[in-house]
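Worksheet for the structure shown next.
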Amino acid sequence: MPMILTDRLFERKEPDRDATLCIIYCEGSKREPQYFKYFEGLSSRIILEVVEAESQGDNSPSGLYQQACSDIEGSGPDSLVKYEVGEGDQVWFVIYTDMWGSHIPLLRLGCAGKTNWHVAQSNPCFEVWLYYHLFVEDAASVVLADCTTWKNHVNAMLPGGFDSRKHPIYISDAIANAQRYFRTAGEEVLYGSTEMFKLGKTLYPMIASAVERARRISSL
């Protein structure tokens, strides 16, 4: 398998002293971390910390929230602070409706009491966000039974499936498509919608030049 660095078409950069720290707590242990790690070291303006579900034990919304409180505020049993979060830094929770729909409001309530803590919910799963990287049709029209079916559907639509070593370069398209078709009912994210465009709009200004350069090279 090719090295990720080769596929990304850029060299890693050391962060500036005033770089923005962005910590992303993932409900999943594979697809989401692989996706976000594409952007690690892409720009000196951002320090990206991707927390995988396997390192958390409890990947429910409350479990993710408690892990973040422990890592950032030292509220866990060992009282050790893992991340020094300053003004302007960001904390994100990447979750999906499929398993935790009724638990998500409590996570939103917890984040509302913190500065720059955000929820990026996808309904029914993260694959809705991946879908919008390469397809402009409304995902709500893709009526599928569950997350497993969604994963199979997205992979079947692309030769070799969604590849986190190269397809994240279409993040600007995903932001535009996901925002265009985003729907809610109150705080409920409706089927076929994803809040990931909000996280994408946070990341993209800092990584745009490198991503678009990689995109141009990949099209040659």
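The values are calculated or read from the model by the stated rules, or taken from the named source; none is laboratory data. Keep in mind that this is a model prediction, so the values were computed, not measured. Neighbour counts run over all protein chains shown; Cβ positions are idealised from the backbone, glycine included.
So, in the range 171-220, of the ones that are of a type in the set (S, T, N, Q) and in contact with a strand residue (DSSP E or B) (Cβ under 8 Å, 6 or more places away or on another chain), which residue ends up farthest from residue 151 (Cα to Cα)? Write out each step before concluding.
Step one: list which residues in the range 171-220 are of a type in the set (S, T, N, Q), which gives 172, 177, 179, 184, 193-194, 202, 209, 218-219.
Add one more test, that the residue is in contact with a strand residue (DSSP E or B) (Cβ under 8 Å, 6 or more places away or on another chain), and what stays is 193-194, 202.
Details: 193: 15, 194: 15, 202: 25 Å.
Result: 202.
So which residues in the range 54-66 are of a type outside the set (S, T, N, Q), touching a residue at least 12 places away in the same chain (Cβ under 8 Å) and either assigned to a loop (DSSP other than H, G, I, E, B) or buried (at least 20 other Cβ atoms within 10 Å of the Cβ) (or both), if there are any at all?
Step one: list which residues in the range 54-66 are of a type outside the set (S, T, N, Q), which gives 54, 57-58, 61, 63-65.
Now restrict to residues that are touching a residue at least 12 places away in the same chain (Cβ under 8 Å): 54, 61, 64-65.
Listed by number, the residues that qualify are 61, 64, 65.
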### Message
Out of everything in the range 7-35 that is in contact with an Asp or Glu (Cβ under 7 Å, 6 or more places away or on another chain) and either farther than 20 Å from residue 116 by Cα or modelled with pLDDT under 85 (or both), what residue ends up being surrounded by the most Cβ atoms within 10 Å (Cβ to Cβ)?
### Response
33
### Query
Name the residues in the range 177-206 that are touching a helix residue (DSSP H, G or I) at 6+ places or on another chain (Cβ under 8 Å) and part of a helix (DSSP H, G or I), would you?
177, 178, 179, 196, 197, 200, 201, 203, 204
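Give me the residue from the range 173-211 that is of a type in the set (S, T, N, Q) and buried (at least 17 other Cβ atoms within 10 Å of the Cβ) and, out of that set, nearest to residue 13 (Cα to Cα).
Step one: list which residues in the range 173-211 are of a type in the set (S, T, N, Q), which gives 177, 179, 184, 193-194, 202, 209.
Now drop any that are not buried (at least 17 other Cβ atoms within 10 Å of the Cβ), which leaves 177, 179, 193-194, 202.
Details: 177: 29, 179: 30, 193: 33, 194: 30, 202: 19 Å.
That would be 202.
When the range 108-123 is examined, which residues are found to be of a type outside the set (D, E, K, R) and touching a strand residue (DSSP E or B) at 6+ places or on another chain (Cβ under 6 Å)?
Taking the range 108-123 as the starting set, the residues that turn out to be of a type outside the set (D, E, K, R) are 109-113, 115-123.
Those that are of a type outside the set (D, E, K, R) and touching a strand residue (DSSP E or B) at 6+ places or on another chain (Cβ under 6 Å): 111, 116, 117, 118, 119, 120, 121, 122, 123.
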### Selection status of residue 69, out of contact with any helix residue (DSSP H, G or I) (no Cβ under 6 Å at 6 or more places or on another chain), part of a helix (DSSP H, G or I) and either modelled with pLDDT of 85 or more or not aromatic (Phe, Trp, Tyr) (or both)
yes
### Message
One residue is enough: does the range 166-187 have a residue meeting the conditions at pLDDT below 95, of a type outside the set (Gly, Ala, Ser) and over 23 Å from residue 39 (Cβ atoms)?
### Response
yes
### Query
Name the residues in the range 72-126 that are more than 30 Å from residue 153 (Cα to Cα) and either of a type in the set (D, E, K, R) or modelled with pLDDT under 90 (or both), would you?
73, 75, 76, 77, 78, 79, 80, 82, 84, 87, 89, 114
### Query
Condition test on residue 208, is it free of Cβ contacts under 8 Å to residues at least 60 places away in the same chain, more than 17 Å from residue 41 (Cβ to Cβ) and among the aliphatic types (A, V, I, L, M)?
no
### Task
Collect the residues in the range 49-86 that are of a type in the set (A, V, I, L, M, F, W, C) and under 18 Å from residue 115 (Cα atoms), keeping them in residue-number order.
64, 68, 69, 72, 81, 85
### All positions within the range 91-117 that are surrounded by 19 or more Cβ atoms within 10 Å (Cβ to Cβ) and either at positive phi or not in a helix (DSSP H, G or I) (or both)
91, 92, 93, 94, 95, 96, 117
